[in-house]
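**Q** Encoded as structure tokens, here's the structure I'll be asking about.
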Amino acid sequence: MALVKYGGVVLFLHFLCSAATVSAKVPAIIVFGDSTVDAGNNNNIPTILRSNFEPYGRDFYGKKPTGRFSNGRITSDFISEAFKIKPSIPAYLDPAYKISDFATGVTFASAGTGYDNATSDVLSVIPLWKEVEYYKDYQKKLRSYLGPRSANRVLTEALYMISIGTNDFLENYYTVPGRRSQFTVRQYQDFLVGIAGNFVRELYSLGARKISLGGLPPMGCLPLERTTNLMEQNQCVDSYNKVALEFNAKLKGLVKRLSSELHGINLVFSNPYYIMMFILRRPGSYGFESASVACCATGLFEMGYSCRKDNPFTCQDANKYVFWDAFHPTEKTGRIVADYVMRTVLARYL
């Protein structure tokens, strides 16, 4: 493993080994968020934003399209594996799983959602408040399954992961005029940070103590944003990346404030920005051949139903690509990000 300093941050370049080389002290991983951590909840709600068809999942176990927006596993799956819990985290609404499966890990995430309720309305997906309601239902089922004492121990010792926010900007603020007429972008950041703070406080009130609050990636470098950035010859949209950096700084400040405010909380900020930017600027360091165009179809606009198995442009080897579709990383990229987050932030929970 090599160390590289990039943007004032020391990055761990861990090329071949998986993050799953450490022992676990966390009994379960409980996940909230958007498509970065949705394992198939959207399959079971009336929305067009789904990925339960090929070629999604073509590198997953059994080549099964589960509803993950990836060719295989996603970052939260690798983190679960790193804690030696299980290799993948199931979706709460997936009828193939029971409370016995969810007892060691579950995701309530919904692709297309955000902190802002207005974001979830855009594509009729599960709002964040509803994810909390599902979690409360899960608590009841877990206490019935394990007994109150054992269930409460799991709920207290579990790692709670939150990965959300990109849709609030790209799907909502910069696309739908409503919020732009109400807020400047910095005011909207503050609005979202307020929601994030209340969300963490609510999880804390429900028994959560180990919480990872995720930041935004360099969202201006997603293939879709580059494709539509014609004025700058399809380069990354620097203004969007600046917004991501500013928002991440505010989330980091929130983590510091809440850590002082909430007694006994063990709250961390998991920041994917710098490792993603390093991959994007030096893709060859990880064996990638393309960082600007995605694997699926033409790799420019496709996500969900526009990423189809029969499209002749879909790449043969997703491991050569940073992105799977126009919004989401490949399994290989997710593994690298998980490895980085484990070693730099989440290792404190081991």
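**Q** Looking at the range 153-166, can you tell me whether even one residue there is free of Cβ contacts under 8 Å to residues at least 40 places away in the same chain, in a helix (DSSP H, G or I) and exposed (fewer than 15 other Cβ atoms within 10 Å of the Cβ)?
**A** No.
**Q** Please verify whether Tyr135 is more than 17 Å from Thr166 (Cα to Cα), surrounded by fewer than 18 Cβ atoms within 10 Å (Cβ to Cβ) and hydroxyl-bearing (Ser, Thr, Tyr), treating the condition exactly as stated. Please lay out each step first, then the result.
**A** Numbers: more than 17 Å from Thr166 (Cα to Cα): yes; surrounded by fewer than 18 Cβ atoms within 10 Å (Cβ to Cβ): no; hydroxyl-bearing (Ser, Thr, Tyr): yes.
Here the answer is no, as Tyr135 does not meet what is asked.
Okay, residues lined up against (1) more than 20 Å from Leu346 (Cβ to Cβ); (2) touching a helix residue (DSSP H, G or I) at 6+ places or on another chain (Cβ under 6 Å):
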residue: Ile162; (1), (2): no, no
residue: Gly165; (1), (2): no, no
residue: Gln182; (1), (2): yes, no
residue: Tyr188; (1), (2): yes, yes
residue: Val193; (1), (2): yes, yes
residue: Arg201; (1), (2): yes, no
residue: Ala208; (1), (2): no, no
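**Q** Next question. Residues of the range 177-201 being among the small types (Gly, Ala, Ser) and either farther than 13 Å from Asp116 by Cα or within 23 Å of the chain's Cα centre (by Cα) (or both), which ones? Show your work before the answer.
**A** Going through the range 177-201, the residues among the small types (Gly, Ala, Ser) turn out to be 178, 181, 194, 196-197.
If the condition is that a residue be among the small types (Gly, Ala, Ser) and either farther than 13 Å from Asp116 by Cα or within 23 Å of the chain's Cα centre (by Cα) (or both), then Ser181, Gly194, Ala196, Gly197 are the ones that fit.
**Q** Going through the range 209-236 one residue at a time, which ones are under 24 Å from Gly33 (Cα atoms) and surrounded by fewer than 21 Cβ atoms within 10 Å (Cβ to Cβ)?
**A** Once the filter is applied, which keeps residues that are under 24 Å from Gly33 (Cα atoms) and surrounded by fewer than 21 Cβ atoms within 10 Å (Cβ to Cβ), the range 209-236 yields Arg209, Gly220, Leu224.
**Q** Let me ask you something else. Would you pick out the residues in the range 257-282 that are among the hydroxyl-bearing types (Ser, Thr, Tyr) and either free of Cβ contacts under 8 Å to residues at least 40 places away in the same chain or surrounded by 20 or more Cβ atoms within 10 Å (Cβ to Cβ) (or both)? Break it down stepwise before answering.
**A** Initially, the range 257-282 is screened for residues among the hydroxyl-bearing types (Ser, Thr, Tyr), giving 259-260, 270, 273-274.
Passing the criteria: Ser259, Ser260, Ser270, Tyr274.
**Q** Do we find a residue being in a loop (DSSP other than H, G, I, E, B), modelled with pLDDT under 95, in contact with a strand residue (DSSP E or B) (Cβ under 7 Å, 6 or more places away or on another chain) and surrounded by fewer than 17 Cβ atoms within 10 Å (Cβ to Cβ) anywhere in the range 1-9? Lay out the reasoning, then the answer.
**A** Our first condition is that a residue be in a loop (DSSP other than H, G, I, E, B); within the range 1-9, this holds for 1, 7-8.
Remaining after also requiring modelled with pLDDT under 95: 1, 7-8.
Applying the additional criterion that residues be in contact with a strand residue (DSSP E or B) (Cβ under 7 Å, 6 or more places away or on another chain) yields 1.
Now narrow it down to the ones that are surrounded by fewer than 17 Cβ atoms within 10 Å (Cβ to Cβ): 1.
Yes, the conditions are met somewhere in the range 1-9.
**Q** Now, a different point. Select from the range 234-256 the residues that are of a type in the set (D, E, K, R) and either in contact (Cβ under 8 Å) with a residue 24 or more places away in the chain or part of a loop (DSSP other than H, G, I, E, B) (or both) and list them in ascending order.
**A** Just the residues of the range 234-256 that are of a type in the set (D, E, K, R), to begin with: 238, 242, 246, 250, 252, 256.
Answer for the range 234-256, where residues must be of a type in the set (D, E, K, R) and either in contact (Cβ under 8 Å) with a residue 24 or more places away in the chain or part of a loop (DSSP other than H, G, I, E, B) (or both): Glu246, Lys250, Lys252.
**Q** Take the conditions touching a residue at least 12 places away in the same chain (Cβ under 8 Å), closer than 13 Å to Gly33 by Cα and in a helix (DSSP H, G or I) and apply them to Glu131. Does it pass?
**A** Details: touching a residue at least 12 places away in the same chain (Cβ under 8 Å): yes; closer than 13 Å to Gly33 by Cα: yes; in a helix (DSSP H, G or I): yes.
The answer is yes for Glu131.
**Q** Return yes when Arg201 is in contact with a Phe, Trp or Tyr (Cβ under 9 Å, 6 or more places away or on another chain), part of a helix (DSSP H, G or I), surrounded by fewer than 22 Cβ atoms within 10 Å (Cβ to Cβ) and of a type outside the set (Phe, Trp, Tyr) and no when it is not.
**A** Working: in contact with a Phe, Trp or Tyr (Cβ under 9 Å, 6 or more places away or on another chain): no; part of a helix (DSSP H, G or I): yes; surrounded by fewer than 22 Cβ atoms within 10 Å (Cβ to Cβ): yes; of a type outside the set (Phe, Trp, Tyr): yes.
Spelling it out, it is not the case that Arg201 is in contact with a Phe, Trp or Tyr (Cβ under 9 Å, 6 or more places away or on another chain), part of a helix (DSSP H, G or I), surrounded by fewer than 22 Cβ atoms within 10 Å (Cβ to Cβ) and of a type outside the set (Phe, Trp, Tyr).
**Q** Right, Gly220: at pLDDT 95 or above and in contact with a strand residue (DSSP E or B) (Cβ under 8 Å, 6 or more places away or on another chain) or not? Break it down stepwise before answering.
**A** Numbers: at pLDDT 95 or above: yes; in contact with a strand residue (DSSP E or B) (Cβ under 8 Å, 6 or more places away or on another chain): no.
No; evaluated as a whole, the condition is false for this residue.
**Q** Among the residues of the range 99-128, write down those that are part of a helix (DSSP H, G or I) and of a type outside the set (Phe, Trp, Tyr).
**A** Pass one, the range 99-128, residues part of a helix (DSSP H, G or I): 99-102, 117-122, 128.
Those that are part of a helix (DSSP H, G or I) and of a type outside the set (Phe, Trp, Tyr): Ile99, Ser100, Asp101, Asn117, Ala118, Thr119, Ser120, Asp121, Val122, Leu128.
**Q** Within the range 85-100, is even one residue at pLDDT 95 or above, surrounded by fewer than 19 Cβ atoms within 10 Å (Cβ to Cβ) and aromatic (Phe, Trp, Tyr)?
**A** Among the residues of the range 85-100, at least one is at pLDDT 95 or above, surrounded by fewer than 19 Cβ atoms within 10 Å (Cβ to Cβ) and aromatic (Phe, Trp, Tyr), which makes the answer yes.
**Q** Could we say that Val255 is closer than 15 Å to Val193 by Cα and of a type outside the set (Phe, Trp, Tyr) here? Let's see the steps before the verdict.
**A** Details: closer than 15 Å to Val193 by Cα: yes; of a type outside the set (Phe, Trp, Tyr): yes.
In short, yes.
The values are calculated or read from the model by the stated rules, or taken from the named source; none is laboratory data. Given the structure is predicted, the values throughout are model-derived calculations rather than measurements. We place every Cβ from the backbone using ideal geometry, glycine too, and count neighbours over all the protein chains shown.
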